[in-house]
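Okay, so here's the structure we're looking at.
Coordinate-derived values only; no laboratory data. In this text the structure is predicted, and so the values were computed from the model without any measurement. Glycine also receives a Cβ, built like all others from the backbone with ideal geometry; neighbour counts cover every protein chain displayed.
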Amino acid sequence: MRVSLKFAVAALIVSLAMSVFAFGPASGSATAQVEQRYLVLGRGGRLPADFEALMQSVGGRVLMVFPEIGVAVVASADPAFPTAAAALPGIQSVVPDGQMGVGSGADIGSVAWSEAIIEPEGTAVEGVPAIHANQWNLIRIDVAEAWGEGFLGQGVQIAVLDTGIDYLHQELAGKVNMALSRSLVPEVVPGRAPFADLHIHGTHVASVIAGKGVRVPGVAPQAELIAVKVLDKTGTGQESTVIAGILYAASLKVDVINMSLGFIIPRRDPGEEDDHHRWVRSQQLEALQRAINFATRSGALLVASAGNTATNFDLDKTNVKAPAGVKPVVGVSATTNTDILAPFSDYGRRLVYLSAPGTMIYGAANTFWFCLPPVGMGRPPQARNCTGQYPYLFMSGTSQAAATVSGVAALVDSRANGHFPGLLLRSILARRAEDLGPRGRDPMFGYGLVDAGKAIKSFRWHKHDWDGDDDD
């Protein structure tokens, strides 16, 4: 039996509607300068041996160092720091550490609402789980065909870079590797592991990928999840934290990295010369690109949401979208149950590689939000004790679409017990996708709708599946 809670929750909580980057501290202020965070890139992908001393000499405080890609995060309250640090030997550039945030859905012009639903406690089934009546998305991508072949994601590890995961929810209990999961954001989680979800986004995304099917299975119900918390309870984070998350996941040799998040980077600031701002943009993207390249070389497939601002990035000459638009990340747009582009989904030929269902997707809701006394910002005032019950929720966004693609990648990879290289998985998914738009790759659907059944049942590993570069 299901019992509706008396409050409504926005179903169109997006996959991170992106805020623009702030480009450094204001100058000429009579007040004390606020410390700013910067990305410092070393020349040739390396940082100088005496890097920390160099930064201190120009008023910088080193926060994080990523020696494997030659990038560091440095804080300084001195407005002259970026110029002074960039002039030091071995330093290629110094640029602001980008900010991002979760949107409420208002950016797409409307908000759809769904009541939270309470499902009774159940017991995980052995073998193939039953698809819930609300899961049109799993039916549309034909997961039953893949499951029927015996491939449910077993042997595959998926890192979920998000707001954390509610590892106590019945769909996710035992699914999350507690030893390897990490929080990279400084927030206290009362009574739970640091990587527990204090938002709702990461839990829902994780359940779409690999919910075990007590009531509502994910795409790959036997895959293992690793929570990498890069966004805090407000759904905000920084580019450097995402870079750290990518590198951490790569160090674990995970098979898939899901990033249902993103950045909008403006091409130019008011008053800036175009040439100068293009340089700033390229250096911010290069820091992220270095991390993505490192993870790809480690064998991971990286998947990211396209975004939810209904923007055609082929026409938008003022902004750059990342990480979905950074090759070889698989950028994912969202489709409806009638196979059209979801009205909120961003699109563009260089942004979208694949598409997947992304409207009214049913999945696990965070028990910390819905089932404990309300504490702190954003908690529903009607949250209650859910003893013996667990909350679920319909959500829409390219976040859910990206999670679906990550799950299908896990199904395919389970054929090799998690040993297929990420670039091979990327190519297989594209070549087995259902072409929805104009023939070939198009701006709205990329190579088409991801198809789990076709990817598994018609699987043949040919040399042309392993070209690693099928999107130019």
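Summary of values
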| item | result |
| --- | --- |
| Ranked list, fewest to most other Cβ atoms within 10 Å of each Cβ, for Trp136, Trp147, Trp369 | Trp136, Trp369, Trp147 |
| Interchain or long-range residues, amide H under 5 Å from Arg46's placed H | none |
| Overall Cα dimensions of segment 36-97, principal axis frame, Å, largest first | 27, 19, 17 |
| Under-5 Å amide H pairs with Val65, H placed in peptide plane, nonlocal only | Val73 |
| Paramagnetic reach from Glu149 (point 7 Å along Cα→Cβ, amide N under 14 Å) across segment 120-142 | 142 |
| Long-range amide H partners of Glu119 with built H, under 5 Å | Tyr390, Tyr392 |
